[in-house]
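A short worksheet on the structure shown next.
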Amino acid sequence: MITTWRSSHAAFRDGAVEPAWLATLRRDALACFEKVGFPAPRDEAWRYTSLQVFKVTPFVHQDVGANAELDALVAAQRLPSAVAEIVIVNGRIDAARSRYPTDPGLTVRPLSAAVASDDTLPQAFGRLAPWRDVAFIALNTAFVQDGVVVQVAKGADIAGPVHVILVSSGGAQPIVANPRLIVQADAGSRASVIVSVLGVAGATSLTNLVEELQVGPNAELHHHVLALQPANANLMLNSSVRVERDGRYHALAAWLGEGLVRHEPRVVLAEPGASAHLDGLYVLDGSAHADNRVVVEHVAPRCISRQTYKGVMSGRSKGVFDGTVIVHRDAQHTDASQDSRNVLLSDDAEANAKPRLEIYADDVKCAHGTTVGRLDPEQLNYLRTRGIGLADARRVLTAAFVAEVVERLRDEPARDRLRRHVDARLNKVMEAR
Amino acid sequence: MLEIKNLQASHEGRALLTGLDLVVRPGEVHAIMGPNGAGKSTLSKVLSGSEDYDVTGGTVTWNGKDLLAMPTEERAGEGVFLGFQYPVEIPGVTNDYFLRTAINAQRKRRGEPEISPGEFLKLLNAKMAFLEMDASFKRRFVNVGFSGGEKKRNEILQLLVLDPKLVILDEIDSGLDIDALHVVAKGVNSLRDSGHAFVLVTHYQRLLDYIVPDFVHVLVGGKIVRSGDRSLALDLEAHGYAADRVGA
């Protein structure tokens, strides 16, 4: 399989014109990928997620032309509040469907354009994401076709979100896309970035997204990823985040699709006073699979991190929360918590919750909690005594369970959209019971 | 009309109702009193359809229909309401959403159209004002962080908004201070007319000073051992349940 990637890389690179630094980086990344390889089945970090599909499926890069189904798919997910909306189909920017911002405090460019013109990009690209150590990041670095570079100027307050829509189209062959998102929020700025992951039903695909997000001093960055992919559409997502002095990072990862999601957020609270709020929610059904492997590193003192993950699993689906908080020696007065709550709606569904603390400082406040259970029979009964039928009572309670996380989303149209997808998903899950 | 005949029920194999008879006609208020463990709460819960209890004998008909054959939500649709002794907290569900969902569920069951948001808001505001509840309770999660008195007031709010025909209140007076008791009684009394029937389960006579019953029954060992009018409650207050216990 590794050799296939190499020959495919040669074909992929054939005739490409780009700066020497990127060509070198790609070559090094490919070498790292070959050295690191896909994780072995016994790898503890991959205990709950099988990589078999990536080893046997010959994924290819593929361009796509006009496609009515794809148009409808994208149109349904657009956000009226977005200040920019960039559509990436099979890893390449779809210029006709994209729209760029006019706000002077915000720069949004295709990665391909930034590569050609921006002198600072070589420093930002691959700086936060550990491409030497993580197979999928190495792969993305070697094969990246395009992506989005977002820069929020010092002190800029951008009301609407930058919306990146990733779509994998249907095709005869399984499609791979390696997009990259780079966000730099400069000092004192405030902005939102929303990523929506979609796919045309029926096709097999792998979206291997790498995100590098830099939150500058006293900046506030909201980051929301919503995955709605159909079955057989796989999402590998590596999010590397660095938060500087008094910076605030708010993330909400929502997995409401039918395929496989593996999310590895790596958040470094690098300077004093930085904070990170990581929320996750997944409503899974059928054979959907969501594996969240979260690492938060408290490097500096007086930083705050919160992880709140809520999962609802039905059918034969599986939800995994594997979260680690590392408190380094100098990170005194750290305040960290991890919370993983899960509701199982069927006998065959599975929830795995594994919070972990590694503490090397002595003056810290750290807490973690997990629950895996059924809906509360007393609450169900209470609703029924008021005339609400059993199926509706279940739906109301399940929606309430995830509401805490949904309601924290900053952008209102995005919040409405999320609520709508959660409700639709719950209706489907309840029907299937 | 509610007709209970020879009702027997158990919980985890323990017999709690052992042959209870009771008839409640529209417009009547019946108080069920009795010592701890007599089966008072069991009666309320069995009537509401709780799955924690096994009905082992007897019949309950409500307006000619077999109440025991109906699941909980259907009983509510037929106009049966239980005010809980310990109202349940539901994090994530706001009070107004809960009530609107409940009203519409009942309307749907009866083949009626949904209540419009404006109409609902008007109804809710009026009932909350009547019960001297702060408007903030609309957006608060059901019973979460409510004091004992606020929870009971919230039960009465649900009662007034849903406007059932058979009102069963399980120790609605427990944990209430005198002001809250006044408000709860005001709410209940406002529904007293020929269209509503009430079963008040209570441990103490005090509630009956505010909601004056037409009939008082003494429940001991899972059945009614004595019935009378309001004076029976005063008599029990003076002499306790000892005589009835011996008699049982």
Study note, to complete from the structure: Quick note, chain A: a/c under 1.5 would make it rounded; otherwise a/b > b/c is prolate and the rest oblate (a ≥ b ≥ c, C-alpha gyration tensor); here it is rounded
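If we sort B:218-229, A:314-325 on the protection proxy, mean other Cβ atoms within 10 Å, highest first, what's the order?
Result, highest mean first: A:314-325, B:218-229.
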Study note, to complete from the structure: The answer for A:ALA219, listing residues at least 5 apart or on another chain whose modeled amide H is closer than 5 Å to its amide H, is A:GLY188, A:SER189, A:GLY247, A:ARG248
Revision key, fill the gap. With the dipole of chain B defined by +1 on each Lys or Arg Cβ and -1 on each Asp or Glu Cβ, the option from B:GLN106, B:PHE146, B:GLY83 whose Cα lies farthest towards the positive pole is B:GLN106
Point to revise | Top of A:PRO39, A:PRO19, A:PRO130 by mean-square fluctuation, Gaussian network on chain A, Cα under 10 Å | key: A:PRO19
Practice item. Tabulate in residue order the Karplus-calculated ³J(HN,Hα) for the stretch A:90-103, using 6.51 cos²θ - 1.76 cosθ + 1.60 with θ = phi - 60°, rounded to whole Hz; enter x for Gly and Pro. Key: 6, x, 10, 5, 9, 4, 5, 9, 9, 9, 10, x, 10, 5
Exercise for review: Compute log10 of I(q)/I(0) for the stretch B:2-247 with the Debye formula, placing one identical point scatterer on every Cα and leaving out solvent, at q = 0.10 Å⁻¹, to two decimals.
Suggested key: -0.47
Study note, to complete from the structure: Per residue of B:72-84, other chain Cβ atoms within 10 Å number on average 4
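Compute the FRET efficiency between B:TYR86 and B:ASN6 as 1/(1 + (r/R0)^6), taking r as their Cβ-Cβ distance and R0 = 30 Å, and round to the nearest 0.05.
So, using R0 = 30 Å, E works out to roughly 0.55.
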Exercise for review: Evaluate the distance, in nm, between pseudo-label points positioned 7 Å from the Cα of B:ARG206 and of B:GLU119 along their respective Cα→Cβ axes.
Suggested key: 4.1
Check your understanding: Taking the Cα atoms only, what angle lies between the long axis of helix B:230-239 and the longest principal axis of chain B, rounded to 10 degrees?
Key -> 60
**Study point:** Cα-projected label distance for A:GLU69 with B:ASP52, points at 7 Å along beta-carbon direction, nm
**Key:** 5.2
Practice item. For the stretch A:345-384, evaluate the Debye formula with one uniform point scatterer on each Cα (no solvent term) and list log10 I(q)/I(0) at q = 0.16, 0.18, 0.28 Å⁻¹, rounded to two decimals. Key: -0.67, -0.73, -1.03
Review point. Taking amide hydrogens as modeled 1.01 Å from N in the peptide plane, which residues meet the under 5 Å criterion relative to B:GLY58, leaving out close sequence neighbours?
Key: B:GLN8
Check your understanding: Does anyone have the angle between helix B:117-130 and the longest principal axis of chain B? Alpha-carbon axes, 0 to 90°, nearest 10?
Key -> 50
Revision key, fill the gap. Between the residues A:ALA20, A:GLY323, A:ALA75, the Cα farthest towards the positive end of the dipole of the stretch A:2-378, that dipole coming from +1 and -1 charges on the beta-carbon of Lys, Arg, Asp and Glu, is from A:ALA20
Review point. List the lysines whose alpha-carbon lies under 25 Å from that of B:LYS108, not counting same-chain residues fewer than 8 positions away?
Key: A:LYS428, B:LYS45, B:LYS65, B:LYS122, B:LYS127, B:LYS138, B:LYS165
Point to revise | Extension gain from A:ARG42 to A:THR24, taking 0.36 nm per residue of separation minus the Cα-Cα distance | key: 3.3 nm
Exercise for review: Distance between Cα centroids, the stretch B:66-123 to the stretch A:326-373: provide it in whole Å.
Suggested key: 38
Study note, to complete from the structure: Burial-style ranking of A:287-297, B:108-118, average other-beta-carbon count within 10 Å with highest first, yields A:287-297, B:108-118
Point to revise | Charge dipole (debye, nearest 20) of the stretch A:209-269; +1 at Cβ of Lys and Arg, -1 at Cβ of Asp and Glu | key: 100
Practice item. Find out how many positive minus negative residues lie around A:ALA336, taking Lys and Arg as positive, Asp and Glu as negative, among other residues whose Cβ is under 13 Å from that of A:ALA336. Key: -1
Study note, to complete from the structure: Note on chain A: helices (DSSP H) long enough, at least 18 Å by alpha carbon along their axis, and hydrophobic enough, mean Kyte-Doolittle at least 1.0, are A:390-406
Review point. Near the amide H of A:GLY311, under 5 Å away, which other amide H atoms are found, from residues 5 or more places off or on another chain, if H is placed in the peptide plane?
Key: A:TYR282, A:ARG341, A:ASN342, A:VAL343
Practice item. Find which of B:ILE32, B:THR42, B:HIS11 sits farthest along the positive direction of the dipole of the stretch B:3-54, computed with +1 on the beta-carbon of Lys and Arg, -1 on that of Asp and Glu, about the Cα centre. Key: B:ILE32
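Please average, across the residues of B:103-115, the number of beta carbons from any other chain that are within 10 Å of each residue's own beta carbon, and give a whole number.
2
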Check your understanding: Per-residue HN-Hα couplings for the stretch A:160-169, Karplus 6.51 cos²θ - 1.76 cosθ + 1.60 at θ = phi - 60°, whole Hz, x for Gly and Pro?
Key -> x, x, 7, 10, 10, 10, 9, 10, 10, 8
Review point. With Cβ to Cβ distances under 9 Å as the rule, what net charge do the other residues near B:LEU131 carry (K, R +1; D, E -1)?
Key: +2
Exercise for review: Would you mind telling me which residue in B:HIS203, B:HIS30, B:HIS11 has the biggest mean-square fluctuation in a Gaussian network model of chain B, where springs connect alpha carbons within a distance under 10 angstrom?
Suggested key: B:HIS11
Point to revise | Full-stretch length increase - A:THR4, A:GLN332 - with 0.36 nm per residue and alpha-carbon distance subtracted | key: 113.3 nm
Check your understanding: What order, most packed first, do the peptides A:328-336, A:301-309 have when packing is the mean number of other Cβ atoms within 10 Å of each residue?
Key -> A:301-309, A:328-336
Practice item. Take every residue in peptide B:137-145, count the Cβ atoms of other chains within 10 Å of its Cβ, and give the average of those counts. Key: 1
**Study point:** Check: the protein assembly as shown dipole with +1 on Lys, Arg Cβ and -1 on Asp, Glu Cβ, in debye
**Key:** 740
Revision key, fill the gap. Simple SL model, points at 7 angstrom along Cα→Cβ for B:ALA126 and A:VAL60; separation in nm is 7.0
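Quote the Stokes-Einstein diffusion coefficient, in whole µm² s⁻¹, for the stretch A:295-378, based on the Kirkwood radius over alpha carbon pairs, a temperature of 25 °C and a viscosity of 0.890 mPa s.
178
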Check your understanding: Helix B:95-109: angle to the longest alpha-carbon principal axis of chain B, degrees 0 to 90, nearest 10?
Key -> 70
**Study point:** Only Lys, Arg (+1) and Asp, Glu (-1) charged, at Cβ; the stretch A:2-378 dipole about Cα centre in debye
**Key:** 480
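Each value in this text was obtained by applying a stated rule to the coordinates, not by laboratory testing. Predicted model only: the values in this text are computed from it and were never measured. Don't worry about glycine lacking a Cβ; one is built from the backbone with ideal geometry, like all the others, and counts go over all protein chains shown.
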